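The values are calculated or read from the model by the stated rules, or taken from the named source; none is laboratory data. Just so we're clear, the structure is a prediction, and the values are computed from it rather than from any experiment. Cβ: placed from backbone, ideal geometry, glycine included. Neighbour counts: every protein chain shown. SASA here: full protein model, heavy atoms, side chains in, ligands and nucleic acids out. Shrake-Rupley method; radii C 1.70, N 1.55, O 1.52, S 1.80 Å.
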Amino acid sequence: MAGLSLAWHKRRTTKSERDNYRFFANILRLNVGRGYYTHSSFSKGETVKSDASKKSTCTGGGWFTSTGRYDWWMYGTAAARKPIDFLEGDTVVSAVESRGHAWFKQWIPFGIDNQAFQKSAIKGWSRAERLTLLLKRLFVLQVRFSCILKFFWLDTVANYLADHLSRD
């Protein structure tokens, strides 16, 4: 109230501040009061490996799990102009959206061969706005499906199955 002289004066907030309030209110509503202070009640789930490819001839993404489930797709021309770290993160989001319902109370080892997105996912934030938006979506999906993603880095040689899915 400092600096406000009349009763009807109000402090104004920015649109981004209001969006942040709305985001966290939705997360708290989605979480329904659950809090996990220990991960001992979570069991290990299926391992997931993902990859995205950005070539001049084709741009695609794909993922597979240790239980044999997989998916792959080709991106359109608008997505082909996005940076590869965004495409890698989008592939991770797609995998969680597809398989998250089966991961209740599990921690999922998730392999990514792009270090920029993988390190940002481990930290939980990024300076790049495009990666921050993907990490927010991943956070919401983890709360929604009550699972925990544990990211690890894959070199391209070890990620040959996902590599084949993401390439033409």
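So is His101 closer than 21 Å to Leu134 by Cα, open to solvent by 90 Å² or more (accessible area, probe 1.4 Å) and either at pLDDT below 95 or not in a loop (DSSP other than H, G, I, E, B) (or both) or not?
yes
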So which of Arg18, Arg22, Arg11, Arg34 ends up being more than 30 Å from Ala78 (Cβ to Cβ) and free of Cβ contacts under 8 Å to residues at least 60 places away in the same chain? Arg11
Pairs returned, first residue in the stretch 118-144 that is among the aromatic types (Phe, Trp, Tyr), second residue that is not in a helix (DSSP H, G or I), beta-carbon separation under 8 angstrom, 6 or more apart or interchain, are Phe139/Gly124
Looking only at the stretch 27-59, filter to residues that are under 23 Å from Val92 (Cα atoms) and in a helix (DSSP H, G or I); which one of those is least open to solvent (accessible area, probe 1.4 Å)? Ile27
Which of the residues spanning the stretch 62-79 are open to solvent by less than 40 Å² (accessible area, probe 1.4 Å) and at pLDDT below 90? Ala79
Among (1) free of Cβ contacts under 8 Å to residues at least 40 places away in the same chain; (2) in contact with a helix residue (DSSP H, G or I) (Cβ under 6 Å, 6 or more places away or on another chain); (3) open to solvent by 90 Å² or more (accessible area, probe 1.4 Å); (4) not hydroxyl-bearing (Ser, Thr, Tyr), which single condition is Glu88 missing? (3)
